[in-house]
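Before any comments, here is the structure.
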Amino acid sequence: MYSFDVERPTSVADAATALGKEDAQALGGGQTLIPTLKQRLASPSVLVSLSGIDEIKGVSSDGGKITIGGGTNHATVAAEAGAYAALADLANNIGDPAVRNRGTIGGSLANNDPSACYPAAALASGATITTNNRDIAADDYFQGMFTTALEEGEIVTSVSFPVPEAASYQKFEQPASRFSLVGVFVAKYADSVRVAVTGASEEGVFRWSEAEAALSGNFSADALEGLSVSGDGMISDLHGSGDYRAHLVKVMTKRAVAAAS
Amino acid sequence: MPKDHGIGASPKRREDVRFLTGTGNYTDDINVYGQAYVYFLRSDMAHGNIKNIDTSAAEAMSGVVKIFTGADFEGVGGIPCGWEITDKNGDAMQEPAHPVLAIGKVRHVGDPIAAVVADSLEEARNAAEAIDVDIEELPAVVDMKAALEDGATKVHDDLTSNLCYDWQFGTETADVDAAFAGAAHVTTLELTNNRLVANPMEPRVAVGDYNRAGDHSTLHTTSQNPHVIRLLMGAFVLGIPEHKLTVVAPDVGGGFGTKIFHYAEEAFVTFAAKACNRAVKWTSSRSEAFMSDAHGRDHVSKIELALDADNNFVGLRTDTYANMGAYLSTFASSVPTWLHGTLMAGNYKTPAVQVNVKAVFTTTVPVDAYRGAGRPEATYQLERLIDKAARELSVDPMALRRQNFITSFPYATPVAVEYDTGDYNATMDKMEELMDFPGFAARRAASEAKGMLRGRGVNCFIEACGIAPSNLVGQLGARAGLYDAATVRVNATGSISVMVGAHSHGQGHETVFPQVVAEMLGIDEGMIDIVHGDTSKIPFGMGTYGSRSLAVCGSAMVRATEKIINKAKKIAAHLLEASEGDIELKDGQFSVAGTDKSVAWGDVTLAAYVPHNYPLEDIEPGLEETAFYDPANFTYPAGAYACEVEVDPETGKVTIEKFVSADDFGNVVNPMIVEGQVHGGIAQGIGQALLENCAYDENGQLLSASYMDYAMPRADDLPHMANYVVDHSCQTPCTHNPLGVKGCGEAGAIGSPPTVVNAVLDALNSGNHDVEHIDMPVSPSRVWEAMNG
Ligand SMILES: Cc1cc2nc3c(=O)[nH]c(=O)nc-3n(C[C@H](O)[C@H](O)[C@H](O)COP(=O)(O)OP(=O)(O)OC[C@H]3O[C@@H](n4cnc5c(N)ncnc54)[C@H](O)[C@@H]3O)c2cc1C
């Protein structure tokens, strides 16, 4: 690690001020950022820890919506987001207990790793990502792997998910990292079905619109029978080809629908 | 009733108290007053000419003590190889120089270019970033077959090619050809034995220290064999005689082979401590371990089996390419040859067996012994091939094996070894009983009803352990003897310290060795401790690998204890005023046969050290004996393993539903520890079979350079304990060592990979599926590609 200063603000306002300094960077649970620093792949001058800001922690639900503070760790979501069981379940399968007790939803969404789980939930749920400046619709938020609509220094303060009638996240794990090799989140709402896929595409999380259309008319795994996904533009690596990932998208979508219905 | 002490009992591992409570003393726990830290600047290029290294800016940076490059090691020896192989033409292998720090060229990602010694690790690392290195990139040499083509880029310019040796062994070519010419059926298989990273929980660490007053160097290191390091580093690299060099390997957190070898970092810290007059410490990061610990396996083989019309094996021929990596690591050359070729007959009476091995240099991390070392590679080829033959001939794979088993002992194979004992049908019977094969059809049907495929796989194996008879391995090119030594030091009150040459890095020697001595003397195990891992305290020792500790070092300990008993009887005879021949030792009491006269163990030991009433004219005071033991033969543990897997045809994911091992380890001293060793070994073999894959791209970049991409087995990759059955009840004791033990450390890792892959292929040939071949690791994507490719 290179040396850096640490600030520990207790309010979003103070954090935003601190993040205005040159080369300042927000520190959530550190589960992605700390390993990056250890490898000397990043060299912020100031780390602004968000872990002392109570106003961005916690889970609340009302009127068909569940809202999670950006600084809430995965273990808390797993334990307290029961109103949206598929989301709680997703949180409970991220990493190991140490990761779940440190890593935060805000950090995960800010990082937008192409294999991360939360992006699939946010996109499939049509969630709203709230920052210290504005509200961003999930459809506008994810802009390709490791890229989001966030401006420099912008802080994810909360994420609110409309709770669907039925939903399921099916994660096929990459054998080494156990991130998703392919993860599919299916959410059925009164007027639509949304399907978001993570792990597979070189463009990061995406919505599988053909499946959404097919499922909107008939929410059953059979509805997906005739569909297929192309391997073009899919990630191809040691753990699987683009074609394999494309195949898994369909398998995991069917399983998610079956689990949700 | 199971015994509660001595040989055959299962006392809990006494060393675990300190390991589990965080009070172990590992090398990284050792800090020498005033020590400096070294950071190695390593090549990020697979292959290149070093044009220039400019350290001037770095030297001026804060905290820097000294910066070393290859030039500082001119005049110092290179890292030696411990085994010379003679090729099929009678010529010595090509043996390249292996400098401590790169000279002229870098030859793999991770090759150390420079070393910065500084007051702190961060300062050393900062300075390393300021070193200006100019390297002219050369083509990487990754594929072994391409590396041997004419005109291929050479890894070592001063060698004639990238071929280390072309070795042939076993039956003469004409006789093997004749066996194949007369065969009714020939089965051929090409396969890869995947490259692995050993990944012990504790990465390597080395602390060098130098005492100017006594001109004495001390190296604390994560080693399985401190005396071997003292020998190699002292004699071949740094030129330090034994009495001026101490090597200490304290608690070591796992080795699996990769901590046998002498590494450049060890020589560096020892050298630098003297040059800087300051202790120097190196602690490997996990990332560094991936690119500097010797890797394992990495063989590509073609193997052929000839059968007669009655399905008897009549000939076996193998052609293997073995990756050596960029340099020859300590035992690298012996693994694909003597540790592999000699096992190629397996458990079968095939009359003609010929093994061919080409060892190849590539621009990758050196490859050397990894749990099983050569024997897993042999077993994997043979047992995959037999299964394939059984499928081609539509015969039961178990029946085909049984029909060809060796059944009378001793048995000399066509590949130079003589099996002393064994009963392969007994382990097969046991395995079948534990596996419930009659229920398989119903279980397969149940799986199919869920849309899953189910398969079962079996495997028989033999290994050569208790490494090794020195005169034999000397003839085969070993540059050292492979005996071991023990000193039994009985103290005045009867307590005992046993100094052993074997090194325990997870095996449980501290528990097991005292069980043996306690049994022999009839005293409480709590009175006995072993001392290991320090060349200044132990007479000598070749260390722990090749499942040798109890078979070789344990035998030395038995011999030394026998000497103790002989002397103690003389003392007892004097105290009891009886003749020595009438003295019996039982339950820690010396008594005169046929009388009620006796003295206790403690009375005799006290007399030895307070010799007021003592036969001083006949024997010396004191009670301490040393023995060296050189084994007469290898030991030959063998076993039959089986497993059942479920394969999800949609995703390709394999789940191991049940695993059974039936091993013959000869006598067993501590059943609990043996079971633990086998459980761990099987887990490691399952890791190789399903998960682990050390992969390079065509540019020689390591693709699996961290746990993000290198998959280690985890608890949930293994069957539940109730379905993870380890049996060692079949026991044919070794005939040539005093304990009748054979060694159990590697069996699991040798026997399990083919078992798993055979089961997967059985599943992939059920129903209307007909997958002929798959390579390890049998990952979900590979299974899917095999089914849909
Ligand atoms: C072993 C391991 C396994 C894992 N497995 C999974 C898995 O299976 N699935 C999965 O989805 N993830 C997985 N993760 C990642 C984990 O979920 C991390 O928690 C997550 O990627 C980052 O969250 P964090 O709070 O730790 O963020 P940090 O590491 O602290 O920060 C990450 C990035 O986000 C920024 N940031 C942090 N918080 C905010 C905020 N509130 N607003 C704006 N920017 C912010 C930081 O500046 C940084 O750029 C794993 C991680 C590890 C170490």
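Return yes or no: is A:Pro44 more than 7 Å from the ligand (Cβ to nearest atom), closer than 28 Å to B:Ala715 by Cα and not in a helix (DSSP H, G or I)?
Values: more than 7 Å from the ligand (Cβ to nearest atom): yes; closer than 28 Å to B:Ala715 by Cα: no; not in a helix (DSSP H, G or I): yes.
Taking the combined requirement at face value, the residue does not satisfy it.
State the number of residues belonging to segment B:706-732 that are surrounded by fewer than 19 Cβ atoms within 10 Å (Cβ to Cβ) and either within 11 Å of chain A (Cβ to nearest Cβ) or under 15 Å from B:Arg195 (Cα atoms) (or both).
Number of matching residues: 7.
Looking only at segment A:95-118, which residues are of a type in the set (A, V, I, L, M) and touching a residue at least 12 places away in the same chain (Cβ under 8 Å)?
Of the residues in segment A:95-118, the ones of a type in the set (A, V, I, L, M) are A:98-99, A:105, A:109-110, A:116.
Matches in segment A:95-118: A:Val99, A:Ile105, A:Leu109, A:Ala110, A:Ala116.
Can you name the number of the only condition in (1) surrounded by fewer than 24 Cβ atoms within 10 Å (Cβ to Cβ); (2) away from chain A (no Cβ under 14 Å) that B:Met787 fails?
Every condition holds for B:Met787 apart from (2).
Taking only pairs six or more apart or across chains, which ones have beta-carbon atoms under 9 Å, a first residue in segment A:67-94 that is within 14 Å of chain B (Cβ to nearest Cβ), and a second residue that is assigned to a loop (DSSP other than H, G, I, E, B) and within 14 Å of the ligand (Cβ to nearest atom)?
Short answer, once both residue conditions are applied: A:Asn93/A:Cys117; A:Asn93/A:Arg178.
Residue by residue, here is whether (1) surrounded by 18 or more Cβ atoms within 10 Å (Cβ to Cβ); (2) touching a residue at least 24 places away in the same chain (Cβ under 8 Å); (3) more than 20 Å from B:Asn459 (Cα to Cα); (4) touching a Pro at 6+ places or on another chain (Cβ under 8 Å) holds:
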| residue | (1), (2), (3), (4) |
| --- | --- |
| B:Pro631 | yes, yes, yes, yes |
| B:Ala642 | yes, yes, no, no |
| B:Gln677 | yes, yes, no, no |
| B:Ser704 | yes, yes, yes, no |
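Name the single residue, out of those in segment A:1-33 being in a helix (DSSP H, G or I) and surrounded by 14 or more Cβ atoms within 10 Å (Cβ to Cβ), that is nearest to the other protein chains (Cβ to nearest Cβ).
This residue is A:Leu33.
Restricting to segment B:276-293, name every residue that is in a strand (DSSP E or B) and either within 14 Å of chain A (Cβ to nearest Cβ) or not β-branched (Val, Ile, Thr) (or both).
Result: B:Lys281, B:Trp282, B:Thr283.
Could you please give the count of residues in segment A:171-214 that are within 12 Å of the ligand (Cβ to nearest atom), closer than 23 Å to A:Ala149 by Cβ and within 14 Å of chain B (Cβ to nearest Cβ)?
4
Quick one: which residue in A:Gly71, A:Gly144 is surrounded by 19 or more Cβ atoms within 10 Å (Cβ to Cβ), small (Gly, Ala, Ser) and either within 13 Å of the chain's Cα centre (by Cα) or more than 26 Å from A:Lys254 (Cβ to Cβ) (or both)? Steps first, answer last, please.
Working: A:Gly144 fails: surrounded by 19 or more Cβ atoms within 10 Å (Cβ to Cβ).
After applying the criteria, what remains is A:Gly71.
Here is a list: A:Arg207, A:Arg194. Which entry is buried (at least 20 other Cβ atoms within 10 Å of the Cβ) and charged (D, E, K, R)?
Selected residue: A:Arg194, the only one of A:Arg207, A:Arg194 that is buried (at least 20 other Cβ atoms within 10 Å of the Cβ) and charged (D, E, K, R).
Tell me, please, whether a residue that is in contact (Cβ under 8 Å) with a residue 60 or more places away in the chain, over 26 Å from B:Gly700 (Cβ atoms) and part of a strand (DSSP E or B) can be found in segment B:43-59.
The answer is no, given that none of the residues of segment B:43-59 is in contact (Cβ under 8 Å) with a residue 60 or more places away in the chain, over 26 Å from B:Gly700 (Cβ atoms) and part of a strand (DSSP E or B).
Mind listing whichever residues of segment B:757-782 are more than 14 Å from every other protein chain (Cβ to nearest Cβ) and not aliphatic (A, V, I, L, M)?
If the condition is that a residue be more than 14 Å from every other protein chain (Cβ to nearest Cβ) and not aliphatic (A, V, I, L, M), then B:Asn758, B:Asp762, B:Asn765, B:Ser766, B:Gly767, B:Asn768, B:His769, B:Asp770, B:Glu772, B:His773 are the ones that fit.
Output the number of residues of segment A:51-68 satisfying the condition of being over 18 Å from the mean Cα position of the chain (by Cα), within 13 Å of the ligand (Cβ to nearest atom) and of a type outside the set (Gly, Ala, Ser).
The number of residues fulfilling the criteria is 2.
Restricting segment A:155-189 to residues that are hydroxyl-bearing (Ser, Thr, Tyr) and part of a loop (DSSP other than H, G, I, E, B), which is nearest to A:Ala15 (Cα to Cα)?
A:Ser177
Given the structure, is A:Thr157 in contact with a Ser or Thr (Cβ under 6 Å, 6 or more places away or on another chain), within 15 Å of the ligand (Cβ to nearest atom) and closer than 30 Å to A:Gly20 by Cβ?
So A:Thr157 fits the description; yes.
Kindly evaluate A:Ala110 against the criterion of being among the hydrophobic types (A, V, I, L, M, F, W, C), surrounded by fewer than 24 Cβ atoms within 10 Å (Cβ to Cβ), within 11 Å of the ligand (Cβ to nearest atom) and not assigned by TED's automatic domain parsing to the domain that holds A:Gly183. Explain how you work it out, then say what you get.
Numbers: among the hydrophobic types (A, V, I, L, M, F, W, C): yes; surrounded by fewer than 24 Cβ atoms within 10 Å (Cβ to Cβ): yes; within 11 Å of the ligand (Cβ to nearest atom): yes; not assigned by TED's automatic domain parsing to the domain that holds A:Gly183: yes.
So A:Ala110 fits the description; yes.
Looking at the structure I just gave you, is B:Gly466 of a type outside the set (A, V, I, L, M) and at pLDDT 95 or above? Step through it out loud before you land on a result.
Values: of a type outside the set (A, V, I, L, M): yes; at pLDDT 95 or above: no.
The answer is no for B:Gly466.
When you go through (1) within 13 Å of chain A (Cβ to nearest Cβ); (2) among the β-branched types (Val, Ile, Thr); (3) over 25 Å from A:Phe172 (Cα atoms) one by one for B:Thr651, which number turns out not to apply?
B:Thr651 satisfies all of (1) within 13 Å of chain A (Cβ to nearest Cβ); (2) among the β-branched types (Val, Ile, Thr); (3) over 25 Å from A:Phe172 (Cα atoms) except (3).
Please state which one of A:Leu90, A:Leu19 is within 11 Å of the ligand (Cβ to nearest atom) and touching a helix residue (DSSP H, G or I) at 6+ places or on another chain (Cβ under 9 Å).
Numbers: A:Leu19 fails: touching a helix residue (DSSP H, G or I) at 6+ places or on another chain (Cβ under 9 Å).
On inspection, the qualifying residue turns out to be A:Leu90.
Of all residues in segment A:114-137, which are out of contact with any helix residue (DSSP H, G or I) (no Cβ under 8 Å at 6 or more places or on another chain), within 14 Å of chain B (Cβ to nearest Cβ) and near the ligand (Cβ under 8 Å from one of its atoms)?
A:Ser115
Given the criteria within 12 Å of the ligand (Cβ to nearest atom), surrounded by fewer than 19 Cβ atoms within 10 Å (Cβ to Cβ) and outside the structural domain of A:Ala15 (by TED's automatic domain parsing), does A:Val77 qualify?
no
Results for (1) closer than 30 Å to B:Glu463 by Cβ; (2) assigned to a helix (DSSP H, G or I); (3) in the same structural domain as B:Gly253 (by TED's automatic domain parsing), shown as yes or no for each residue.
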residue: B:Ser547; (1), (2), (3): yes, no, no
residue: B:Lys570; (1), (2), (3): no, yes, no
residue: B:Leu585; (1), (2), (3): no, no, no
residue: B:Glu620; (1), (2), (3): no, no, no
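Restricting attention to segment B:572-583, report how many residues are touching a strand residue (DSSP E or B) at 6+ places or on another chain (Cβ under 8 Å) and assigned to a helix (DSSP H, G or I).
5
In segment A:215-260, which residues are part of a loop (DSSP other than H, G, I, E, B) and either within 14 Å of chain B (Cβ to nearest Cβ) or β-branched (Val, Ile, Thr) (or both)?
Just the residues of segment A:215-260 that are part of a loop (DSSP other than H, G, I, E, B), to begin with: A:218-220, A:225-233, A:235-236, A:238-239, A:241.
Across segment A:215-260, the qualifying residues are A:Glu225, A:Ser228, A:Val229, A:Gly231, A:Ile235, A:Ser236, A:Leu238, A:His239, A:Ser241.
Taking only segment A:60-74 into account, find how many residues are in contact with a Leu (Cβ under 8 Å, 6 or more places away or on another chain) and part of a strand (DSSP E or B).
So the count comes out to 1.
The values are calculated or read from the model by the stated rules, or taken from the named source; none is laboratory data. Only a predicted model underlies this, so the values are computations on that prediction, with no experimental measurement involved. With ideal geometry, Cβ positions are generated from the backbone for all residues, glycine too; neighbour counts draw on all protein chains shown.
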